[in-house]
Structure formats: structure tokens, C-alpha cells
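*Asks:* The structure's right below; bear with me while I get my questions together.
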């Protein structure tokens, strides 16, 4: 760790970030990870950025009021490969906090899946390739804590310390198996859009399996409980499931009785603290009855013959993948097959313009897909 870091061990001052970014610009490859607080907060926040080079492991504090824009030149530099594991989980939050984009990205999770490795998780790769056992104690730790406990500090450094070694092994395996082009096409699909803020879905309660068995009266109660829980979580800046887990929502909407009975029946801390308010909510639900026609109907995506052609293309894709011993998405994704059915291309050039039809994919499977498409549309 550089001697100029803050007392906490995290880089949290402008001059520290600038100096570190300048050092990174001389690297050809860096390992990057991020820790968020989705387990503890209503809106997910970026709590920690970990970056390792061949010479140092550094933790950056994005919760500090500090300008992180010097990192943008590093994250966007075309000559610096950024190694991440399951990059889609981290890149959107890095983009949101730092700005710009992150690339080129080498995703060790994606690479391991393309190679068909038995274990594609970071822990499995560390064990299988480097003989390291990963301590999973802090996977759901509270990364908002400051100062960061030493045990969490050490754990976070370990998330990137060995990624460069893993990258070297996976990169060589991709080259040996002729999967480089496919891999870099997959890496290029890393989500670069900042995360969307959490929005309350007033119809989310309908997705619970038990909902369809409820009376209209109890559905109204369930609707209001979902709304109340979300308001409480937003107010407390806490994760919704921590305020009140889904498993208690339906039993709560069926409850009959007063606050004392409610506290005796449910031991959860939220119910204990808000028993009187919850009883009033349950009693008042009848004032706004549940109306089935108030729920927006989902827009159909494929209908009739379109759905039939899609299913047949999907079965063809699955048979092709099984014959090659690879995952079906590596042939064509469901999204691409749906796009094909909707677009109804009239030529190979039009086929190439459909979403997800990368050059390597068309080179391997395009001719067979075009033949299958023609066969199905001719019927």
C-alpha cells in the first residue's frame, strides 16, 4: 500500500487518486473490482473500488467526497486491459461514479464459461488454478463501514490480487482453443449503462405465487402492504427485504386482530415497532378495493405463427449446442432468435444486421441459421 494513503488505508483524497491514476497509466493490464451495499440500502451505492497491478493492491473510497474523474482516463484507455470477474455487476456502478466507460474489459467469469470450465466462479477459479481457498465470510458484509474493519480490508484486496494470474491462464486457454474472437465479442457486450434508480412497482405483489389464491379483499391488503413497505424502506434507506421479508407479507395480509395480537403472532422487529400502524393499514385496505382491470396487461411479444417459429428455432439452436457440447447461448441467444422472428430477414445481409449477430457467430452458425429460417418461413 502506498505510504500516502489516508489513515483508514483507503484512498480518499484528491492528490492520492491523481497520483495513483498516473501510476496506472503506465500499466498494460489492471484488475478491478467493486463492492456495493445493495444488501443494506434502498438505492444501491458503490462503497469500494479495488484495483490491483503487478506491484500493488489499492482500495479507493467512493463514499468520500472526492473527485474520481482521474480514473476515467485509466478506465477508458484502449491500451490498458481491465480484468474483472462478472463485469456486468460492477461496471455500471463504476461508470456512474467515475464517468465515461470501462474498456477493454476481460471478464474472467465469461471466459471460464466459454471454456466450459467446471467452476466459473472466482472462488472456484482461485482454487482450481492457484490452489487458494476463498474466505466467504464477508460476501454480505456492510461495505459502508468507516473505518473499514481490517478483516474486510484484507478480504477486499484479495478480490483483485490474483485476477491478473487468472487472466494469464484463461487468456492462454482461449488462444489454444481458438475462442479469442468469441470471447472478446462477449466481453464487448459488458453493460456500460449507469444503473437505474430503484423504482416502486405497484403491481409487484402480483408476482408472489400465493397472490392468485387470495380474495380481492386480501389482494387489496397485500397491495397496500407492499406500498407501505417500500415507503418505509425508502424513508430508512434500508433494503426492502430487510424492512419486511416477502415470506411475512402474505401471512400478514391474512391476519385478523389488534396490535397486541399482531406483536404476539409476529416477532419480526418491523412488525413489533409498527403494529398499530399496520393494523390501521389492514383495516383501511377496503377503502381502495383491488380491481383486476387496474393491472396493466403485459404486451405480447410473439404471437401465433411467430411463437411457433421461435420455438422451432430455439429447439434447433439447442440441438446444435448439444451436438457441440457448449451452452446454447453461445450459438444464438433467445433475444437474437426473437429479433430474427420479428424482423423476418429476406437476405443474409439483413440477417447480419439483427441484434446479437456478431461476425464470429455468423461465421460459425450463420449458414445453418439462414437455412433453418428459410425452411420455417417457406412452410
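The values are calculated or read from the model by the stated rules, or taken from the named source; none is laboratory data. A quick note: this is a predicted structure, and the numbers were derived from the prediction, not measured. Every residue, glycine as well, gets a Cβ built from its backbone with ideal geometry; the counts of neighbours run over all protein chains shown.
*Asks:* When the range 38-61 is examined, which residues are found to be closer than 18 Å to residue 194 by Cα and either surrounded by fewer than 22 Cβ atoms within 10 Å (Cβ to Cβ) or in contact (Cβ under 8 Å) with a residue 60 or more places away in the chain (or both)?
*Replies:* 38, 41, 42, 43, 44, 45, 47, 48
*Asks:* Could we say that residue 349 is within 28 Å of the chain's Cα centre (by Cα) and modelled with pLDDT under 90 here?
*Replies:* Taking the combined requirement at face value, the residue does not satisfy it.
*Asks:* Here is a further query. Identify, please: which residue in the range 72-109 is farther than 14 Å from residue 190 by Cα and in contact with a strand residue (DSSP E or B) (Cβ under 8 Å, 6 or more places away or on another chain) and is, among those, surrounded by the most Cβ atoms within 10 Å (Cβ to Cβ)?
*Replies:* Looking only at the range 72-109, we keep the residues that are farther than 14 Å from residue 190 by Cα, and these are 72-74, 77-80, 96-99.
Those still in the list that are in contact with a strand residue (DSSP E or B) (Cβ under 8 Å, 6 or more places away or on another chain) too: 74, 80, 96-97.
Values: 74: 22, 80: 18, 96: 15, 97: 18.
Among residues in the range 72-109 that are farther than 14 Å from residue 190 by Cα and in contact with a strand residue (DSSP E or B) (Cβ under 8 Å, 6 or more places away or on another chain), the one surrounded by the most Cβ atoms within 10 Å (Cβ to Cβ) is 74.
*Asks:* In the list 180, 235, which residue meets the criterion of being under 26 Å from residue 91 (Cβ atoms) and either within 25 Å of the chain's Cα centre (by Cα) or surrounded by 12 or more Cβ atoms within 10 Å (Cβ to Cβ) (or both)?
*Replies:* Answer to the selection: 180.
*Asks:* On to the next question. So residue 235 fits all but one of (1) touching a helix residue (DSSP H, G or I) at 6+ places or on another chain (Cβ under 9 Å); (2) at pLDDT 95 or above; (3) assigned to a helix (DSSP H, G or I); what number is the exception?
*Replies:* (1)
*Asks:* Hey, can you tell me all the residues within the range 229-247 that are under 20 Å from residue 197 (Cβ atoms) and without any contact (Cβ under 8 Å) to a residue 60 or more places away in the chain?
*Replies:* Within the range 229-247, 229, 230, 231, 232, 235, 241, 243 meet the criteria.
*Asks:* Additional query: Within the range 125-141, can you find the residues that are within 21 Å of the chain's Cα centre (by Cα) and at pLDDT 95 or above?
*Replies:* Within the range 125-141, 125 is the sole residue that qualifies.
*Asks:* May I pose another question? Would you be able to tell me the number of residues in the range 143-153 that are surrounded by 15 or more Cβ atoms within 10 Å (Cβ to Cβ) and out of contact with any strand residue (DSSP E or B) (no Cβ under 6 Å at 6 or more places or on another chain)?
*Replies:* Residues in the range 143-153 being surrounded by 15 or more Cβ atoms within 10 Å (Cβ to Cβ) and out of contact with any strand residue (DSSP E or B) (no Cβ under 6 Å at 6 or more places or on another chain): 3 in total.
*Asks:* Another question about this same structure. If you take the residues of the range 61-98 that are assigned to a loop (DSSP other than H, G, I, E, B) and within 19 Å of the chain's Cα centre (by Cα), which of them is nearest to residue 149 (Cα to Cα)? Write out each step before concluding.
*Replies:* From the range 61-98, those assigned to a loop (DSSP other than H, G, I, E, B) are 61-69, 77-80, 85-86, 90; that's our starting set.
Filter once more, so that each one left must be within 19 Å of the chain's Cα centre (by Cα): 85-86, 90.
Numbers: 85: 24, 86: 25, 90: 22 Å.
Restricting to residues being assigned to a loop (DSSP other than H, G, I, E, B) and within 19 Å of the chain's Cα centre (by Cα), the top hit is 90.
*Asks:* Which condition number does residue 163 fail, the rest of (1) within 19 Å of residue 49 (Cα to Cα); (2) touching a residue at least 12 places away in the same chain (Cβ under 8 Å); (3) out of contact with any strand residue (DSSP E or B) (no Cβ under 8 Å at 6 or more places or on another chain) being met?
*Replies:* (3)
*Asks:* So is residue 346 outside any helix (DSSP H, G or I), surrounded by fewer than 17 Cβ atoms within 10 Å (Cβ to Cβ) and either in the same structural domain as residue 113 (by TED's automatic domain parsing) or out of contact with any strand residue (DSSP E or B) (no Cβ under 7 Å at 6 or more places or on another chain) (or both) or not? Steps first, please.
*Replies:* Values: outside any helix (DSSP H, G or I): yes; surrounded by fewer than 17 Cβ atoms within 10 Å (Cβ to Cβ): yes; either in the same structural domain as residue 113 (by TED's automatic domain parsing) or out of contact with any strand residue (DSSP E or B) (no Cβ under 7 Å at 6 or more places or on another chain) (or both): yes.
So residue 346 fits the description; yes.
*Asks:* For residue 230, state whether it is under 31 Å from the mean Cα position of the chain (by Cα) and modelled with pLDDT under 95.
*Replies:* So residue 230 fails the test.
*Asks:* Kindly check whether there is at least one residue in the range 248-268 that is closer than 19 Å to residue 200 by Cα, touching a residue at least 60 places away in the same chain (Cβ under 8 Å) and in a helix (DSSP H, G or I).
*Replies:* no
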